[in-house]
Structure formats: C-alpha cells, structure tokens
Amino acid sequence: MKKTQVFFMVVQLPLDFLMLLLASISAYYLRFSPWAISLKPVLFEMSIARFVHVIIPVIFLWLFVFALSGLYSTDPNRKFGTDMVRIFVASLAGLAVVAIYLMFAQQLFDSRFIAASAWSFALVYTILGRMTMRGLRSLVYRSGIGLRKVILVGEGVHIEQMQAALKKRLELGYQVISTLKKLDFKKLKMSLKEGFDEVIISPPHASKEEMLQLVEFCNENHITFKYFADLFTTYSSNIGVSALAGIPIVEIKKTRLEGWGNVVKRIVDILAACILLILTSPIMLLSALIIFFETGMPIIYKNERVGKNGNRFMAYKFRSMYTKDCTGKQFGESGEQALVREKDLIKKQNTRMGPIYKVKNDPRVTPFGRFMRQWSIDELPQFFNVLKGDMSIVGPRPHQEREVNGYTSGHKKIFTIRPGVTGLAQISGRSDLDYEEEEKLDVFYIENWSFILDLIIFLKTPFILFRKRKAE
C-alpha cells in the first residue's frame, strides 16, 4: 500500500474523533442556548470540562462501532455513497451505545436532548469530515502525488475504457504506465525496474496456466493482482457451502433475496412508494394536465413488460409520444400500425447493440414528452406498479417481450426478482450502456443484493437524474 494511502487511512481515525467531539460540544452548547432553555429548563448542572470528561469514553465506543461498520476499510476506491450509508447506520448504533452507557453510568443530567442533537451533529460533521478528506486526497492525486502505477493487460472496449478513465480521472489515484495487448512476462519483469503497484488483466487474453503464473509473479514481487470480472465470476459471488451425506456441496444461489430478505424488501417498497407518490403528486398532476392540453388522452401509457418469474404486467408511464405513434394493445389497430413504424425506426436510428434498442432523435416524441424523458418524469407512475407488486423501487430494468426474445440464457436470470423503477444499471449508465454491460450489472445486483446496496442506489438516483439523460 502506498504511503499516501496509509496516511489518509490513519488520519481518518483522529479526524472522526475530532468531528464526534465537536458534535458533542455543539450539542452541549445548544442545550444551554436560550432557545433550548425556553423549550425546557435545564435540570442539571455540569461544566463543559466535566461533560467532555464524560463523553470521551462514549466517543471511543462510537469509533469502535464505526470500525465494525467497515468505515476504516483499506479500500481506496470505496464509493462516497457507501460511506454515507454506513455512517448513518453506524451513527444509529452509536446513539444506542450512548443510551446504554448513560443508563449504566447513571449520569445525573437530562441527556435526551443532548443525545439526540449530538447524533444529528455527529452525522453532519463526520460526513463533512470525510468529504474534506476525499477532497484533499483528490487534490493530492491530481498533483501526481502518491498515484498507484498500474499495467493493463488485454485489448478491447473494457481495457480502452479503463485506460481512458484512469488517465482522465486522476482523483481515482492511478497512473497507467503501460498497456500490453497480451500477457508478456519479459516486459513485466523489465517494468519492475521502473516500479509498478498493480496489474489489471482481462481474463480472455490469458490462459488459466498463464493467469496462475501471473498470480505467483505478483505475489513474489509484492504487486496487487486484479482482473475484469467475467459473467461466471459475477454469478459465483453468492455461494453457499453445506454438507450433504457428509460430502461438502457448493451451491450457487440465485439471489440473497430469499426468505426474510424478500419480506423486508417488499415492506420497504410499499412504504417508499407511498411516500414518493405523496411527494411527487404535484409534479404528476401538473404533468398530466400538460399532456392533456398538449395531445389529449390517454395520459397514462400502459406498456407490457416482463417481470418476476417471466410474468407479464402493464408498466405505467406518462405518455410521451403522439397518440398515433403509441404501440401496444391499449391502442388497438393503431398500435399495431405504430409497431411497424417503430421497427423501421429501429433499423434506421438504433444506437444500442444487442436485443435492447434506443431510437436516436425519435420523431414520435412530443415536445413535453422529450422534457419528461430527460428528467425521467414519465416514469413516476411506476410507483403505482410498486404498490401493486409488479415492480420494486430498486431492481433490474423492466424489459419488453421482444427484447427478452433476443436475450442470452444468462441475462434471463433478471426474472428471478421484480424489476425496479431505478437500479444499478440505470445509475451506472442510464440508457447508454450496451447489452453486455447491463447484463453484468443486473446479475451483480441480483447476486449481491443487500438493504445497504438498495439504499445507496436509491440515494444516488437523484444525482444521476440531475445530469439528465438523452431523450429517446
């Protein structure tokens, strides 16, 4: 590990300590502010010095909870959204620790206000502290200090994308010193004189024997070995080992969304859909009125999609096309004629590879429909699909049957769970990902589902929307 990484990793702990101490002191002074006293008089006496003496052990317990939550991981590429979610969960656990500590310590002051406000301040201050730390680290990396030197092995789209991204985004902390089209140990040994930290390889460009030899080479020279995950690696990330008749058996599970996981996700979906429908109702009402006055009825477009276990359902959207151009059973004979026109447009103006299509500069879209698509307003009615149980808040993109007919058997695993209003593929590239990339992301999500992952995707979605998407 680079000294720069070690420095930022080590500094993070005392910085969190200072942020938590600052949060506690802020809560103390807020309790003694005229505003708080007017709400409830102070029934205890405690100097700030005595308060700090009491709170120090609590802060150490709080930091211990942070450590258990993985907030001091050595992974330099962990997403900030992951940190925010973990800070929120760990802070809730920290608040519980405070309550238990105060109960057993039998402190003689009314701690409820201070505990609640300290938790709020801790949440804000620790997030700000980590934002500052990430900003400083980005500045250091952009200055060319402490970059991890990496050699890429392979050729193709993924290698090119990786090389371009690492060259453009120095804040990731990498410097590509060489790109080899095929595995060449002579060149790797020559590069040892110059010094490098990592090798990232695309598996199809080396045999199994060469990959094992490369692992040994990296271990021998203290170099980090990484490789692009293929589809089987994504599948096998969720395995279970058990004994059957005394023989160890490895099971590749479909998803972690089994048993209680599925129950919890459904409950969260219902609660979230109700809240989101209430919050977005003004936007939905205004959109419905504009659609009605622009192109008339119907306002809602019902599009048949394939859901969990291959079941068909009608996905609701605000109609963004002229009525004469809308496809589907909802529009009868006119819909069949529109489908013929759509197939012609796909042949001429499709911008995506594989069975998934996207029509560039689609002439069928209305002016307001184009605006809705740019900001995903047309998808808001899908929260009603969530309430019905056809969809989930987070999941794979709901696909049309004619798209599904062209899928590989691997991608059909997406029908293991409900499709989502948003999802990992949607926040990773929206409608610009190619079929293979979307397939890998969907399978990864299904194999690695967790409540935390859903929360990260959900929190990240608004920021992706602010970038807008190209109107289809």
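The values are calculated or read from the model by the stated rules, or taken from the named source; none is laboratory data. Treat the numbers as computed from the prediction; the structure is a model and nothing was measured. Quick reminder, even Gly has a Cβ in these numbers, built from the backbone with ideal geometry, and neighbours come from all protein chains shown.
Summary table
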{"read-out": "Flag for residue 164 being out of contact with any Asp or Glu (no Cβ under 7 Å at 6 or more places or on another chain) and surrounded by fewer than 18 Cβ atoms within 10 Å (Cβ to Cβ)", "value": "yes"}
{"read-out": "Residue count for the range 123-177, restricted to those that are in contact with a Phe, Trp or Tyr (Cβ under 7 Å, 6 or more places away or on another chain) and not in a helix (DSSP H, G or I)", "value": "7"}
{"read-out": "Contacts under 9 angstrom Cβ, first residue in the range 153-165 being not assigned by TED's automatic domain parsing to the domain that holds residue 211, partner modelled with pLDDT of 80 or more, 6 or more apart", "value": "none"}
{"read-out": "Residue selected from the range 343-367 under the condition modelled with pLDDT of 70 or more and in a loop (DSSP other than H, G, I, E, B), by the criterion farthest from residue 295 (Cα to Cα)", "value": "360"}
{"read-out": "From the options 340, 306, residue that is at pLDDT below 85, of a type in the set (Val, Ile, Thr) and assigned by TED's automatic domain parsing to the domain that holds residue 401", "value": "340"}
{"read-out": "Number of the exception - residue 295 against (1) under 27 Å from the mean Cα position of the chain (by Cα); (2) in contact (Cβ under 8 Å) with a residue 60 or more places away in the chain; (3) more than 26 Å from residue 417 (Cα to Cα)", "value": "(1)"}
{"read-out": "Boolean, residue 383 is within 29 Å of residue 270 (Cα to Cα), among the aromatic types (Phe, Trp, Tyr), modelled with pLDDT of 80 or more and crowded, with 17+ Cβ neighbours inside 10 Å", "value": "yes"}
{"read-out": "Residues located in the range 309-334, provided they are modelled with pLDDT of 85 or more and in a loop (DSSP other than H, G, I, E, B)", "value": "311, 319, 320, 322, 326"}
{"read-out": "Criterion (surrounded by fewer than 17 Cβ atoms within 10 Å (Cβ to Cβ) and closer than 30 Å to residue 19 by Cβ) met by exactly one of 192, 147, 172", "value": "172"}
{"read-out": "Meets criteria (among the charged types (D, E, K, R), over 25 Å from the mean Cα position of the chain (by Cα) and at pLDDT 75 or above) for residue 378", "value": "no"}
